[in-house]
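Structure record follows, encoded as C-alpha cells.
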C-alpha cells in the first residue's frame, strides 16, 4: 500500500508509522475481532475477566480496549475504504484521542494527541499508539 500524506489514510499532523508497520504484529482480523469483542464484554460486565493474572488497572484496561478497537476499525477501513468503515475508524480514533487527552500519562508514542488539533484525521495517531503499545509488550492485556 502506497500512502501519501494528503490521502485520508496519511499522517497529517504527526509522523506516524505506515499501516503495514504499525500493524505488522497485529493478530489476523478475525482473531482481533473476537478479542476486541471479549474485551468489550469484560469492560461492560457481560463477561468475567479470567482470574489468572495480576489485578487489572481499569483505566489501562479501558485504554487498551479503545486502542485495539480503534486499530481494528482502522485496519478494516484500510481493507474496505467505503464510507461506513472509514466513518467507524474515524469515530473510534476520536474516542481514543479524547481519552488520551484526559489521561496523557497513558500516551505511549512520541506525539501527544494535542498534536492533532488541526488534523482532520485521527487515524495516524491510532497507528502511532498501536505501534508503541506493541513495542512495549502490549501492556494491559
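Points worth noting:
- Region 19-135, relative contact order in percent, only Cα pairs under 8 angstrom and at least six apart counted: 29 percent
- Mean separation of Cα contacts under 8 Å (6+ apart) over length of region 83-141, as relative contact order %: 35 percent
- Reported value for region 19-135: 115 Å³ per residue, from the convex hull of its C-alpha atoms.
- Length added when fully stretched, residue 112-residue 44, from 0.36 nm per residue minus Cα-Cα: 21.7 nm
Any read-out appearing in this document is the output of simple, stated calculations on the displayed coordinates, not a laboratory observation. These numbers were taken from a predicted model, which means no experiment stands behind them.
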